[in-house]
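Contents: one structure, followed by commentary.
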Amino acid sequence: MAKDLLYYLIFPGFLFTALVGAIFSWIDRKVTAWVQFRKGPPFLQPFYDFFKLLLVKETILPARGSKMTFLFAPLLGLTGAALASMLILLPAIGTKPGFNGDIIVIFYILTIPSLTYIIGALAAGNPLASVGASREMKLIISYELTFLLILAAIIMKAGMTITIHEILAVQTDEGAFIGSISGILLFIAFVFCIQAKLGLVPFDMAEAETEINHGSFIEYSGQAYALIRLTRYMMLFILPAFLCTVLLGGLRTDGIHLLWTVLKTLGILLVLTLIRNTNPRVRIDQAMRFFFIWMNLLVIAAIILDYFNL
Amino acid sequence: MGFKDYCFRKSLWVFHFGGASCNNCDIEILDCLTPRYDIERFGMVLVGSIRHADVLLVNGSINQKDKIRLLELYSQAPKPILVVAIGACGCTGGIFAEGNTFAGPVDKIIPVDAYVPGCPPKPEAIIGGIVRLIEKTKKATRDEAT
Ligand code: SF4
């Protein structure tokens with residue numbers, strides 16, 4: 001029991017993910033700055049931002065909205081992110097095998113942060129937040145089917161096992177799934193799903209600073225916003241780690257493999273950052289069409305290819 | 001100097017309020033974000049919602065209608081909030097000071113922490129003004145401590 005709590009709160013759950021996520025967020029901002037020929041923020045910037053919001057700023061509650069829901073939504077999102085990190089990382093680094101069917105549970109838990117953004121935005125009683133929430137909802141509807149299909153394809157590849165631990169075992173035996181044509185197609189679709197899940201450009205219409213002023217988060221300030229930032233840092237690490245686990249052969253931490261693990265996750269982060277810096281924001285209907293038609297077709301093609309063992 | 005103030009100083013998020021400006025100061029403020037000046041080096045980012053802001057940049061002359069909105073923005077901002085008046089218009093009224101709709105300057109409406117004069121001030125001057133502002137908050141916390 002105490003050990004489980006330790007897993008949840010410190011390693012590899014809340015604290016570890018938050019630290020690594022903050023560093024990832026710095027890398028993201030720094031690479032963005034390089035792409036734009038700027039210098040970029042100092043290394044500890046994400047920590048300064050977080051502690052400033054948490055310790056210094058006042059938290060303003062909406063006058064015309066549900067105050068309790070408004071405050072509890074970020075907390076729930078943070079809990080969800082910590083839970084997802086624990087469930088993904090424990091089997092991924094091989095500390096403890098998960099339970100049967102954990103990949104399905106992870107699929108649901110990974111939607112919790114996005115759902116809490118919607119709940120919080122709707123509780124804020126701000127019209128722009130409502131616009132952001134409705135866009136976020138449409139985005140979830142569009143990418144979630146693709147995401148589920150990707151997981152289905154991975155489960156098929158692993159010989160119908162729904163445990164991360166066994167999926168990893170299959171990959172250790174037969175090489176990582178990305179080493180086939182279907183694997184590469186799945187990787188591409190997965191990267192776009194991550195992009196949408198994290199709300200990065202080109203799928204940041206729920207936040208759209210220049211258009212609806214941070215959309216879903218417009219009313220958040222102080223501690224509540226600090227928690228949202230933390231959730232976003234954590235998701236920035238968890239999702240690439242999940243991709244690594246299911247397609248790139250896991251996150252092994254012994255010896256030289258540790259270096260590979262770090263390089264793999266950083267590589268995915270770099271891809272995400274470059275996509276976000278070289279694309280404009282698309283409209284919500286374009287995003288829906290992109291996922292519903294093109295990404296789903298891509299994944300179905302991967303499934304068919306996989307059927308022929310390609 | 002506490003940890004809290006240190007974090008605050010290292011991460012000032014800026015919200016830009018343009019009054020009835022001639023639009024020149026707005027452009028100079030945007031210049032601060034360009035690769036050449038890049039204020040993100042100091043952890044400053046331009047935010048779109050006043051709820052996230054730590055610094056309220058006010059430029060342009062404030063007329064009767066802006067005054068209502070400026071007051072509203074100031075009351076909506078989470079405290080502590082710092083206010084910087086940019087440009088001759090923001091500091092004194094500049095060439096608009098004699099106008100019959102003029103309701104400013106900014107420090108008559110809300111408390112101002114730093115002034116950056118110039119018509120328009122150069123980006124260097126704006127960054128200089130913000131550095132002064134940071135020094136001022138340092139000094140204020142030192143005085144509080146003693
Ligand atoms: S100070 Fe000068 S440049 Fe700035 S808004 Fe006023 S008139 Fe325009």
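The values are calculated or read from the model by the stated rules, or taken from the named source; none is laboratory data. Since this is a predicted model, take the numbers as computed values, not measurements. When we count neighbours, we look across all protein chains shown, and the Cβ atoms used for this are built from the backbone with ideal geometry, even at glycine. The protein model used for the area step is the full one, side chains on, heavy atoms only, and it has no ligands, DNA or RNA in it. Shrake-Rupley method; radii C 1.70, N 1.55, O 1.52, S 1.80 Å.
From the list B:126, B:86, B:81, exactly one residue is at pLDDT 85 or above, touching a Leu at 6+ places or on another chain (Cβ under 9 Å) and near the ligand (Cβ under 10 Å from one of its atoms). Which is it? Step through it out loud before you land on a result.
Numbers: B:126 fails: near the ligand (Cβ under 10 Å from one of its atoms); B:81 fails: near the ligand (Cβ under 10 Å from one of its atoms).
When all the criteria are applied, what remains is B:86.
Mind checking which residues of segment A:138-151 are buried (at least 18 other Cβ atoms within 10 Å of the Cβ) and not charged (D, E, K, R)?
First, the residues of segment A:138-151 that are buried (at least 18 other Cβ atoms within 10 Å of the Cβ): A:139-140, A:142-144, A:146-147, A:149-151.
The answer is A:139, A:140, A:142, A:143, A:146, A:147, A:149, A:150, A:151.
Quick check: is even one residue across segment B:118-125 part of a helix (DSSP H, G or I) and either surrounded by fewer than 16 Cβ atoms within 10 Å (Cβ to Cβ) or aliphatic (A, V, I, L, M) (or both)?
yes
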So in segment B:27-55, with the set limited to residues that are open to solvent by less than 30 Å² (accessible area, probe 1.4 Å) and within 16 Å of the ligand (Cβ to nearest atom), which one is nearest to the other protein chains (Cβ to nearest Cβ)? B:32
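Could you please give the count of residues in segment B:77-99 that are farther than 18 Å from residue B:47 by Cα and not hydroxyl-bearing (Ser, Thr, Tyr)? Outline the logic, then answer.
Initial filter on segment B:77-99 (farther than 18 Å from residue B:47 by Cα): B:87-99.
Checking the rest, the ones that are also not hydroxyl-bearing (Ser, Thr, Tyr) come to B:87-91, B:93-99.
So the answer is 12.
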Taking the stated definitions as given, is residue A:201 open to solvent by 10 Å² or more (accessible area, probe 1.4 Å), modelled with pLDDT of 90 or more and more than 14 Å from chain B (Cβ to nearest Cβ)? no
Every residue from segment B:1-16 that is open to solvent by 20 Å² or more (accessible area, probe 1.4 Å) and in contact with a strand residue (DSSP E or B) (Cβ under 6 Å, 6 or more places away or on another chain): B:15, B:16
Applying the selection to segment A:49-61, what residues are more than 7 Å from every other protein chain (Cβ to nearest Cβ) and crowded, with 20+ Cβ neighbours inside 10 Å? A:50, A:53
Which listed residue is away from every other protein chain (no Cβ under 14 Å), open to solvent by less than 20 Å² (accessible area, probe 1.4 Å) and closer than 30 Å to residue A:284 by Cβ, from A:167, A:218, A:212, A:154: A:154
Quick one: residue A:179 ticks every box in (1) over 17 Å from residue A:232 (Cβ atoms); (2) touching a residue at least 40 places away in the same chain (Cβ under 8 Å); (3) not acidic (Asp, Glu) bar one, so which box is it? (2)
Tell me, yes or no, whether segment B:102-115 has at least one residue that is modelled with pLDDT of 85 or more, loosely packed, with under 14 Cβ neighbours inside 10 Å and in a loop (DSSP other than H, G, I, E, B). yes
Taking segment A:12-48 and keeping residues within 13 Å of chain B (Cβ to nearest Cβ) and either in contact with a His (Cβ under 6 Å, 6 or more places away or on another chain) or not in a helix (DSSP H, G or I) (or both) leaves A:36, A:37, A:38, A:39, A:40, A:41, A:42, A:43, A:44
Looking at (1) farther than 22 Å from residue A:221 by Cβ; (2) part of a loop (DSSP other than H, G, I, E, B); (3) more than 16 Å from the ligand (Cβ to nearest atom), can you tell me which one residue B:99 breaks? (3)
